[in-house]
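The next block holds one structure in the form of structure tokens; read it before the comments.
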Amino acid sequence: MCGIAGYIGASKHPAISYRLATRLFERLDQRGEDASGYYGVQGEVVHYHKQPTRSAIYVRGDAWKGMSDKDCEVLILHARGASQGVGSPKDNKNNHPFVNQERSLALIHNGRVTDDEYKSLLPRYAVESTCDSEILM
């Protein structure tokens, strides 16, 4: 199972929102220990990063600390609990969030696409990872 959190709406106190998001993010690893990532929108600017590490460790890294001065109107957080056989989290392209080429859309997903459904969709859609969730994008 994965951990998913986030918010929509401008903050009146971005520093407090960042601290709250950090506390929430570090606790998400109870739902997924394999990888962590975020996607945030601040006006026309997109902030996006992911890596194969626990969220409790991830929040201490430069990528997340770099978000401390951002004032995102939308922020999604993901702690991946990888399912067997659907994209190794060690290969970062298999981790969430998934984004389109323009980075104007992002997807995080908790669950599985059935093998039959995935195989039926695969010939119709180009994917870059071996994670079943990407096909939903």
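The values are calculated or read from the model by the stated rules, or taken from the named source; none is laboratory data. Since the model is a prediction, treat every value here as computed from it, not as a measurement. Note that each Cβ is placed from the backbone with ideal geometry, even for glycine, and that neighbours are counted across all protein chains shown. Heavy atoms of the whole protein, side chains included, go into the accessibility calculation; ligands, DNA and RNA do not. Shrake-Rupley method; radii C 1.70, N 1.55, O 1.52, S 1.80 Å.
The Cα atoms of region 1-89 define a convex hull whose projected area, averaged across directions, is 5.4 nm².
For Gln42, the residues 5 or more places off, or on other chains, whose built amide H falls under 5 Å of its own are His47, Glu73. Here the Kirkwood formula puts the hydrodynamic radius of region 50-132 at 14.5 Å, using every distinct Cα pair. Each Lys or Arg adds one and each Asp or Glu takes one away; over the other residues whose Cβ falls under 13 Å from the Cβ of Ser55, this sums to +3. Taking 0.36 nm per residue of separation and subtracting the Cα-Cα distance, full extension of the segment from Ile16 to Asp116 would add 31.5 nm.
For region 70-137, relative contact order (Cα pairs under 8 Å, six or more residues apart, normalised by length) works out to 33 percent. Of the residues Gly87, Met67, Pro97, the one whose Cα sits farthest toward the positive end of the charge dipole of region 63-104, with +1 on the Cβ of Lys and Arg and -1 on the Cβ of Asp and Glu, is Gly87.
Only helical runs count toward this figure. For the chain, summing -39,500 (n - 2.57) over DSSP H runs of n ≥ 4 and dividing by all residues gives -5500 deg cm²/dmol at 222 nm.
About its Cα centre, region 26-83 has a charge dipole of approximately 240 debye under the convention of +1 per Lys or Arg Cβ and -1 per Asp or Glu Cβ, with nothing else charged. A simple charge model with +1 on the Cβ of Lys and Arg, -1 on the Cβ of Asp and Glu and nothing else charged puts the dipole of region 44-137 at about 380 debye relative to its Cα centre. Any idea what angle helix 14-27 forms with the longest principal axis of the chain, computed on alpha-carbon atoms, 0 to 90 degrees, nearest 10? The angle comes out at about 40 degrees. Computed over protein heavy atoms with a 1.4 Å probe, the accessible surface of the chain works out to 58 Å² per residue. Sorting 77-87, 111-121, 97-107, 52-62 by average packing, meaning the other beta carbons within 10 Å per residue, from highest down gives 77-87, 52-62, 97-107, 111-121. Across the chain, the relative contact order, built from alpha-carbon pairs under 8 Å that are at least six residues apart, equals 29 percent.
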